[in-house]
Each structure stands twice: as C-alpha cells, then as structure tokens.
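A.B. asks: Below you will find the structure I want to go over with you.
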Amino acid sequence: MISHIVTVFWRDWIVLKRRLTRYILARMVSPILYLIAFGWGLGRNITMTTGSYLDYIVPGIIALNSMNICFAALGTPVNMSRLYHKTLEEYLLAPINAFSYVVGKVLAGVMRGLISSVIIIFFAYLFGAQLKINAWFLLALFMNCAVFAALGLVAALFMNSHEEMSNFNTYVLTPMSFLCATFFAPSQLPAFLYWIIEILPLTHASYALRQSSLTGEIPGLSLIVLAVYLSSLLWIGVRKMQQLQD
Amino acid sequence: MLELVGLTKKYGDRTALAGINLSVNNGEVFGLLGPNGAGKTTTIRLLTMLSQPTAGSIAINGLSLSHDGRQIKAVIGVVPQHLNLDNELTAQENLELHGRLHEINALERKTRIDELLEFVELSDRKNDIVQTFSGGMKRRLMIARALLHRPKILFLDEPTVGLDPQVRRRIWELVRHLSGEGLTVLLTTHYIEEAEALCQRVAILDKGSLIALDSPQALCRGLGEYVVEWEGEEHLNTRFFPERSKAAQFCNSLAVTATIRRSNLEDVFVELTGRKVVER
C-alpha cells in the first residue's frame, strides 16, 4: 500500500518538479499583494491589543492561501482527469486500493500547499512580521493543507462539470477566505453567522496557526476539529473512489 | 480463459447489454463487431471493472470478476478507445507510472520499458511529453503501457478508430505479433476489414444482443461465399451462392449488369439486421 501511495505522489511530484520555478514565482504574487494591502496599507491604521495587525493577519493569510492552493492542486486536475482526459482510469484499472490513491493525491496537494506557505512566511518576515514557527504551527499548517486537498479531491470526484467545480469555489471557498478568522475575529459577526463560521475548517486553521505562532500554546480544540474534517473527507474520498472502481 | 454468462447491463430502462454468453479461448484473437451503440464498449467496461453488470457473471482464468477484482486487474491489459495517457508526463514516465502501480521492480521495469518502447517504435521519443505525440503514436504507447505488466489477456477497444490507414496497418501488425506470442486478445471494432484481418472468431453485437458468433470465414460461408449484386429500381439487390460457378450462372441469367464478389462480415450483419455496420 505504501508503495502505491508513493507512486501516486511521485506522479504529481514529477509534474511539479518540471515547472517548479514557474510555480514558485506564481505563488509569490498573492502573498505579496495581501501583505502590501492588508499589512502595510490597511494594517497601518488598525491597532491591536496584542501585537501588530500584520502579526494577526499573517496566520490568516497562510491559512487561506494554503486552502486555495491545496484545493486547486487537486480539484480541477482530478475533475478533468475523471471527466475529460480519463486518466483517472489508469488508477482505477491498476491493482491498487482506493485509499492509496486518495492518500497519495492528498499528500501531493499538501506538498504544494507547504511550498506556497514557505513563500508567504519568507515574505512575512521580510515585511517585519514576528511569527514563532513551532511544531504545533507546522502541524496545524499540515492539517489545513490536508483538509483542503482532501476537500478538493472529494469535490472533484463528485462534481460532474468544470462549471460545478467553479461554483463550488465561488460559494464555498471564497466566503470562507474572508470570513473564517483570516482578516478579523468572527466574534465581530452577528451571532447566527458567528456560529456557522465557528464550525468551518478554515476558522480552526486560522485559530490554530495564530494561537501557535503568537502565543506558542497548543491549539488543541482546533487541531481536533481539523482532524475530524480530515478523517471524514478521506473516508468520503475512499468510498467515492471505490464506487468509481465499481 | 474468459467466460461471460448472461452478462446484462441496464441504464435505467435502457438495456445496453442483454444477457451475453460467450467464451474466449487462450491465445485467441476474438472480436466484438457491431455498430456504434451495439454494446461493445459497455462489454469492455464490464470486463475491466469500470462498470458493474446488472446481471450475469464474468470469469477470467477461473477467477470471478465480482470476487477477485485485484487479482484480475493484475492479469489484464486495457487499451481504451479514448486516448487516456497522462499528457503531462513523457512516454517513459507514463510507462514508469504504470509499472509502479503494478509493482514491477525497478530493474525489470527499466528493461521492460526499453523493450516495449522499441516494440512500438517510440524509443527515440521516450523523453518527450506525450502531449506532443500524434494520435497513432499515443495509441502505440497505450498498447505498450497495457503490455508492461505482462498481462494474460489484452482488451483493445476500437484500437484503430480515427487513425490513418498506414498507422492502422501498423497496429494490426502489433496485434498479430502479440497473438503470435500467445497473448489472448479481445478487441472491439466497427471496421469489417479489421475484424476479418485480425480475429479468429467474431461475435456480432447489435443493440446489446449477440446475434452471431463464429470465425469470419464460417459466418460468411453460412451466408454463401459469393455474392451477386445488381442495381434494382429502389436499392441494390444481393444474392448469395456457395460457389462461384453458381453465382456466375445466376449473373448471366440476369437482364441487367451484375457483379460477383466474395461475401464479408458486412453482408452477414446486413442479412441479420437489415442495416449496415457503419451507416453511410
């Protein structure tokens, strides 16, 4: 099973390696714009009780950026591979189990998310952010990447057109990008919206990254929530792959 | 080796395959012939576990498809109708991926990839991204990929569809070569000449039903080996004869110009269904 996971990962690594420089350059654009707009621009006029606004939003930017990167890494490519290129059949016809495929793909998505997060962290330090990178921060980052890579995979396996994938992005990911504790605390929202936001995975990714990087505390509850999301999405992904294999 | 019993596939109210029974022998090149929508690709999808039958069973080498899926996947090679190579990988990487998925060890994988790229005449393009390949090259690479793990049975779904005559002949040569090495091949086609050129036995499918099964020669003999054709007032008339002399005799008795030719599988299909395999 492990060799199959490695193989699925290997394929995505080969493709990424071929365009790694272009990939890294492209991943620099959004973080720089976020840091300029929200860190330098808007952030100069915002005073926080604890630290600077830049320190507050960097974990949020990392969370939302890794969410988008990991979802996009699997969402559209796997959906196209299933519906148009039919390359998913290569895996369905091979004597491998669905779990190996799902885990291999999710890890490939995580790899892209981690690369883009390293770029943001690098620029955040350049912009003067004071982040403490510790094991809990890295664990929270990994979990966030894995949750959204798995969500991208599940969406790709369920959605039956490119348009549906695009709609999923518009109605699910975009609202989360802005509302899930990325740029401001959800407690400032009306109560009904606050409770909805509180159960979303990106909120807990932002909480976990912020708590671990600003205070060094263990973000226990948020990590548990992310773990529940991840295991649920992996299970759904495996079940759906098994049905495709049938 | 391969046995289909009462194989049925329904999509809602529509029956794509209606209780097919057939068996394919070891080392045989067996053809599924029929027009588009006859159920050929449905059969291949069922045989390769990409779809589940509504009823009936499939056994390969004594293994049941419903219980021994993973073992069966290890002994079948599949070349689907659509070009499903990974366009972002090179030819070699496509084969490498397949070899790794089938757990072929690194040393054997390398040797086998080199052999097969040589076999399908793509050695000089092995490091090129597949996206730059022509349709014929992609089809050849797909055949190489399907053979990499040394399958016992090869499924070819419309292997030459959309290819020019020269490339089609090259694919036929490959199939003949594989057959000569003892590989069992099941291919689907709607090209009459392809079925006649390659297949030892042919099953003719129409609207999901098996309407004839025998060698191409026997099917034609059953109809009459020679056919006389002459223009009628509304359509082309045909009549079949077991011997050329009798066909010639009949030809001479006609008041209009007629031609004599050998019967083919198209004639068998027209006689059985009243339609041509490829409607023009």
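The values are calculated or read from the model by the stated rules, or taken from the named source; none is laboratory data. Remember, predicted model here, so these are calculated numbers, not experimental data. Counting neighbours? That spans all protein chains shown, and the Cβs are built from the backbone with ideal geometry, glycine included. Surface accessibility is based on the protein's heavy atoms, side chains included, excluding ligands, DNA and RNA. Shrake-Rupley method; radii C 1.70, N 1.55, O 1.52, S 1.80 Å.
A.B. asks: Which of these, A:Pro201, A:Pro59, A:Pro77, has the largest mean-square fluctuation under a Gaussian network model of chain A (Cα springs below 10 Å)?
C.D. replies: Taking springs between Cα atoms under 10 Å, the residue moving most is A:Pro77.
A.B. asks: Heavy-atom accessible area per residue, the protein assembly as shown, 1.4 Å probe: how many Å²?
C.D. replies: 45 Å²
A.B. asks: Within 10 Å, at most 13 other Cβ atoms, and a DSSP state outside H, G, I, E, B define an exposed site. Report the longest part of chain B free of exposed GluC sites (Glu not before Pro).
C.D. replies: Answer - B:1-120.
A.B. asks: How do A:Phe168, A:Phe178 stack up against each other in accessible area, from largest to smallest, with a 1.4 angstrom probe?
C.D. replies: Order by accessible area, largest first: A:Phe178, A:Phe168.
A.B. asks: If you put +1 on each Lys and Arg Cβ and -1 on each Asp and Glu Cβ, how big is the dipole of segment B:176-264 around its Cα centre, in Debye rounded to 20?
C.D. replies: Magnitude of the dipole: close to 280 debye.
A.B. asks: Taking the Cα of A:Ile14, stepping 7 Å toward and past its beta carbon, and measuring to each backbone N in segment B:72-93: which are under 12 Å?
C.D. replies: What the label zone holds, given the 12 Å backbone N cut-off, is B:86-93.
A.B. asks: What's the long-distance tail for segment A:14-106, i.e. % of Cα pairs beyond 15 Å?
C.D. replies: 73 percent
A.B. asks: About its Cα centre, how strong a charge dipole does chain B have in debye, to the nearest 20, once Lys and Arg get +1 and Asp and Glu get -1 at the Cβ?
C.D. replies: Using Cβ point charges on Lys, Arg, Asp and Glu, chain B gives about 420 debye.
A.B. asks: Where the accessible area of the protein assembly as shown is counted over protein heavy atoms with a 1.4 Å probe, how much of it, in %, is carbon and sulfur?
C.D. replies: 56 percent
A.B. asks: Next up: Under a crude label model (7 Å from the Cα following the beta-carbon direction), how far is B:Ser134 from A:Tyr84 in nanometres?
C.D. replies: So the label points at B:Ser134 and A:Tyr84 sit 2.6 nm apart.
A.B. asks: OK, next. Using a basic spin-label model with each label point 7 Å from the Cα along Cα→Cβ, how many nm lie between A:Phe158 and A:Asn45?
C.D. replies: Each label point lies 7 Å from its Cα, and together they span 4.0 nm.
A.B. asks: Using a 10 Å Cβ count of at most 12 others and DSSP loop calls, identify the longest part of chain A lacking such trypsin sites (Lys or Arg not before Pro).
C.D. replies: After excluding every exposed loop site, the longest remaining stretch is A:133-246.
A.B. asks: Hey, another quick one. Can you pull the percent of Cα pairs in segment B:3-101 with separation above 23 Å?
C.D. replies: Above the 23 Å cut-off, segment B:3-101 has 34 percent of its Cα pairs.
A.B. asks: Oh, and also: Enumerate the calculated ³J(HN,Hα) couplings along segment B:230-247 in order (Karplus 6.51 cos²θ - 1.76 cosθ + 1.60, θ = phi - 60°), each rounded to whole Hz, writing x wherever the residue is Gly or Pro.
C.D. replies: Ordered by residue, 3J(HN,Hα) equals 8, 6, x, 5, 10, 8, 6, 8, 9, 8, 9, 9, x, 10, 5, 4, 5, 5 Hz.
A.B. asks: Which residues does the label zone of A:Ser166 cover in segment A:73-88, counting backbone N under 15 Å from a point 7 Å along Cα→Cβ?
C.D. replies: What the label zone holds, given the 15 Å backbone N cut-off, is A:76-77, A:80.
A.B. asks: Once the convex hull of the alpha carbons of segment A:106-182 is built, what does its volume come to per residue, in cubic angstrom?
C.D. replies: About 108 Å³ per residue, rounded to a whole number.
A.B. asks: Against the longest principal axis of chain B, how steep is helix B:135-147, in degrees 0 to 90 to the nearest 10, with axes from Cα atoms?
C.D. replies: So the helix axis and the longest Cα principal axis differ by about 70 degrees.
A.B. asks: Now for a separate question. Counting alpha carbon pairs within less than 8 Å and at least 6 residues apart, what relative contact order, in whole percent, applies to chain B?
C.D. replies: 22 percent
A.B. asks: Under 5 Å between amide H atoms, partner at least 5 residues away or on a different chain: which partners does B:Ala203 have, H built in plane at 1.01 Å?
C.D. replies: Under 5 Å from the amide H of B:Ala203 lie the amide H atoms of B:Gly31, B:Leu32, B:Leu33, each far enough along the sequence or on another chain.
A.B. asks: Hey, if you put +1 on the Cβ of every Lys and Arg and -1 on every Asp and Glu Cβ in segment A:2-245, which of A:Phe137, A:Leu74, A:Asn167 ends up farthest toward the positive end of that dipole?
C.D. replies: The residue sitting farthest along the positive end of the dipole is A:Leu74.
A.B. asks: Note the angle between two axes, namely the Cα long axis of helix A:135-158 and the longest principal axis of the Cα atoms of chain A, as a number of degrees from 0 to 90, rounded to the nearest 10.
C.D. replies: Taking Cα atoms only, the helix is inclined about 40 degrees.
A.B. asks: Another one. Per DSSP H run of n ≥ 4, the term is -39500 (n - 2.57); total these for chain A, divide by its residue number, and report the mean residue ellipticity at 222 nm rounded to 500 deg cm²/dmol.
C.D. replies: Result for chain A, helices only: -24500 deg cm²/dmol.
A.B. asks: Provide a list, ordered by number, of residues in segment A:13-48 showing at least 20 Å² less accessible area with every protein chain present than when their chain is taken on its own, using a 1.4 Å probe.
C.D. replies: Going by heavy-atom accessible area, the residues of segment A:13-48 that drop by at least 20 Å² are A:Ile14, A:Val15, A:Arg18, A:Arg19.
A.B. asks: Follow-up question, since we're still on this one. In vacuo Debye scattering of chain B, one point per C-alpha: log10 I(q)/I(0) at q = 0.09, 0.10, 0.11 Å⁻¹?
C.D. replies: Here the Debye-derived log intensity ratios amount to -0.49, -0.59, -0.69.
A.B. asks: If you don't mind, another one. Over the residues of segment B:175-280, compute the C-alpha Rg and express it relative to 2.2 N^0.38 Å.
C.D. replies: 1.22
A.B. asks: Okay, next question. Once the whole set of protein chains is in place, how much accessible area is left on B:Leu97, using a 1.4 Å probe, in Å² to the nearest 10?
C.D. replies: Accessible surface of B:Leu97 is approximately 10 Å².
A.B. asks: Bin width 20 Å, origin at 0, all Cα-Cα pairs of the protein assembly as shown: what percent of pairs per bin?
C.D. replies: Reading upward from the zero bin: 19, 41, 25, 11, 3, 0.
A.B. asks: What ³J(HN,Hα) values, in whole Hz, does the Karplus curve 6.51 cos²θ - 1.76 cosθ + 1.60 give for segment B:72-84 when θ = phi - 60°, with x put for Gly and Pro?
C.D. replies: 5, 4, 6, 10, 10, x, 10, 10, x, 5, 7, 7, 10
A.B. asks: Provide B:Asp214, B:Asp206, B:Asp13 ordered by accessible surface of protein heavy atoms (probe 1.4 Å), highest first.
C.D. replies: B:Asp13, B:Asp214, B:Asp206
A.B. asks: Can you tell me the dipole magnitude for segment A:2-245 around its Cα centre, using point charges on the Cβ only (Lys, Arg +1; Asp, Glu -1), in Debye to the nearest 20?
C.D. replies: Approximately 560 debye in magnitude.
A.B. asks: Could I ask something else about it? Once the Cα atoms of helix A:53-83 and of chain A are each reduced to a long axis, what angle between those two axes, in degrees from 0 to 90 to the nearest 10, is obtained?
C.D. replies: On a 0 to 90 degree scale, this one is about 10.
A.B. asks: According to a simple spin-label model (label point 7 Å from Cα along Cα-to-Cβ), what is the distance in nm between B:Ser209 and B:Asn105?
C.D. replies: The modelled label-to-label distance comes out at 5.4 nm.
A.B. asks: For chain A, with a Gaussian network of springs between Cα atoms less than 10 Å apart, report the residue from A:Ala150, A:Ala140, A:Ala94 with the top mean-square fluctuation.
C.D. replies: The residue that fluctuates most here is A:Ala94.
A.B. asks: What are the principal axis extents of the Cα atoms in segment A:131-233, in Å, biggest first?
C.D. replies: Answer, in whole Å and largest first: 44, 31, 22 Å.
A.B. asks: Right, here's the next one. Just read off the accessible area of A:Phe184 with the full protein assembly in place, 1.4 Å probe, to the nearest 10 Å².
C.D. replies: Solvent-accessible area, nearest 10 Å²: 60 Å².
A.B. asks: Along segment B:57-70, what does the Karplus equation 6.51 cos²θ - 1.76 cosθ + 1.60 (θ = phi - 60°) give for ³J(HN,Hα), rounded to whole Hz, x for Gly and Pro?
C.D. replies: Along segment B:57-70, the couplings run 9, 10, 10, 10, 6, x, 8, 8, 5, 6, 10, 10, x, 5 Hz.
A.B. asks: What does a probe at A:Ser3 reach in segment A:87-130, counting residues whose amide N is under 20 Å from the point 7 Å along Cα→Cβ?
C.D. replies: A:90-105
A.B. asks: Now for a separate question. May I ask for the accessible area buried between chains A and B, both sides summed, probe 1.4 Å, to the nearest 100 Å²?
C.D. replies: Counting both chains, the buried surface is close to 2500 Å².
A.B. asks: Select from segment A:86-128 all residues whose loss of accessible area on going from the chain by itself to the full protein assembly reaches 10 Å² or more (probe 1.4 Å).
C.D. replies: Residues shielded by partner chains are A:Lys86, A:Thr87, A:Glu89, A:Glu90, A:Tyr91, A:Leu92, A:Leu93, A:Ala94, A:Pro95, A:Ile96, A:Asn97.
A.B. asks: To continue, here is another question. Can you give me the orientation-averaged projected area of the convex hull built on the Cα atoms of segment A:2-245, in nm²?
C.D. replies: Over every viewing direction, the Cα hull of segment A:2-245 projects on average to 13.4 nm².
A.B. asks: Right, another one. How would A:Thr87, B:Thr188 line up by accessible area, probe 1.4 Å, largest first?
C.D. replies: A:Thr87, B:Thr188
A.B. asks: List the residues of segment B:101-123 whose accessible area drops by at least 10 Å² when all protein chains are present, compared with their chain alone, using a 1.4 Å probe and counting only protein heavy atoms.
C.D. replies: Hits at the 10 Å² cut-off: B:Leu101, B:His102, B:Glu103.
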